[in-house]
Amino acid sequence: MTMAGYRTMMELLFSVWILFQGCDSDVKCRDDNGNEVDWYIIYKFPKATGYDLSYLYMDESTNGWKESKKAINSDSGTLANTLKPLFDFYKRTTEGLGYILYNDQPPEPYDRPSASFGHSKGVVILDKQTGVWLSHSTPNFPKYRSEDFWPDSGRVNAQTFMCVTYSYKEFKEIGLQLKYIHPFPFDHHIPTTFHNDLQRVAQSRHQRFYPKEKPWFRVKILTSMNGRKFSSFAKYTHFGDDLYSGLIVNYAQQNLYVKSWGSMKGPLSSNCSSSIPHHVYNVKEVKILNEPFRDTVDHSKWCVTTVGGWTCIADINREESQMKRGGGAICTENLAVAEAFRSIIHSYERCKRARPHSDAQDREL
């Protein structure tokens, strides 16, 4: 073989090695069977239903909700399978893995942070090929550096989770979204070779990283590994308005049903004001598998348009004090997802003084 032929062969082998390296990542959203999925949504039941560790599951293949056969704290369920790269890292620190765990109600041994941090909960895990952004509503999740990840307090209320698998390059934008949300990172490890904004988010407990000028919000389209488009909404504390009636409804261009925590000191009423383009209705009761439950035992945060295909999984409530806090939502325009969420709405709060509107397709519940 000539030197030129040898060089060509080596370049080809190196290219093939790079290709397989790019496909070798274990950091992906995974279902109950450990299979890779592009995205999923989980809705955990509250204790009041008698199914406190049960959950509904949905991904692109299910065409709506299906009941999981596993408990949410199972070491072989959806959450455990998705978090496995993190658990492996705890046992043996490996090169090339990064993570940020953030929660405004962090697990022990951390105290609750000041309200200057966002009302936000989530998990970011990534390597140089792929990563997951798992947005959720569960206090104390996950437990600090333990494979026994589910907090005891998590049994009581309903909760939601949304996981999306992204390529490494998309986490540059995710880092900027987190800058606006300004979450409290209670545990992290981001290598110095990773995106600078992720490193700064990870260190923001000690070196504050947040926007310094208007606009006090950021909306970004994120593309999943399979090419699906997700809209990420992030607002900083200076935005000073409700995430749903002050931001999301302007982009959805439809009336919204919003589900947020029902045990708050200063809840915002359903909004039919002429100052917003569409109505925003508070969901008061959800019904899953013929089991209705009130928003007082449902800590989930989500919204769905009254018609069409917009659905968002969020981490902030419709509440006066939270108008002044950072937070965000991940939204998808998927009719099957939207219909699945609309199907479980059992009752909602109508406006006290509703202005006339022409949306005759708003359904009566």
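Each value in this text was obtained by applying a stated rule to the coordinates, not by laboratory testing. Note that the structure is predicted; figures quoted are calculated from it, not measured. All Cβ positions, glycine included, derive from the backbone under ideal geometry; neighbour counts span all protein chains shown.
Observations
- S61-F89 pseudo-label distance in nm [points 7 Å out on the Cα-to-Cβ vector]: 2.6 nm
- Gyration tensor over alpha-carbon atoms, the range 25-349, equivalent ellipsoid semi-axes in Å: 27, 23, 19
- 13 Å beta-carbon shell around V201, net charge (K/R +1, D/E -1): +2
- Sequence-separation-based contact order of the chain, relative, with Cα cut under 8 Å and 6+ spacing, percent: 16 percent
- Kirkwood Rh and Cα Rg combined as Rg over Rh, evaluated for the range 95-254: 0.95
- Nitroxide proxy distance, nm - points 7 Å out along Cα→Cβ at K47 and T192: 4.7 nm
- Using 0.36 nm per residue and subtracting the Cα-Cα separation, the extra length available between S153 and Q253 on full extension is 32.3 nm.
- Spin-label zone in the range 231-245 - amide nitrogen under 15 Å from a point set 7 Å from the Cα of K324 along the C-beta vector: 236-242
- Estimated FRET transfer efficiency when R0 is 30 angstrom, pair K172-S76 (beta carbons, to 0.05): 0.35
- Efficiency of FRET from Cβ geometry, S343 and N33, R₀ 35 Å, rounded to 0.05: 0.90
- The mean sequence separation of alpha-carbon pairs under 8 Å and at least six residues apart, normalised by the residue count of the range 111-184, gives a relative contact order of 38 percent.
- Where both bridge residues fall in the chain, DSSP classifies roughly 95% of the beta bridges as antiparallel.
- Over the chain: helical MRE at 222 nm, DSSP H runs n ≥ 4 each giving -39500 (n - 2.57), nearest 500: -5500 deg cm²/dmol
- Comparing mean-square fluctuations of S167, S343, S275 from a GNM of the chain with C-alpha springs under 10 Å, the top value falls on S275.
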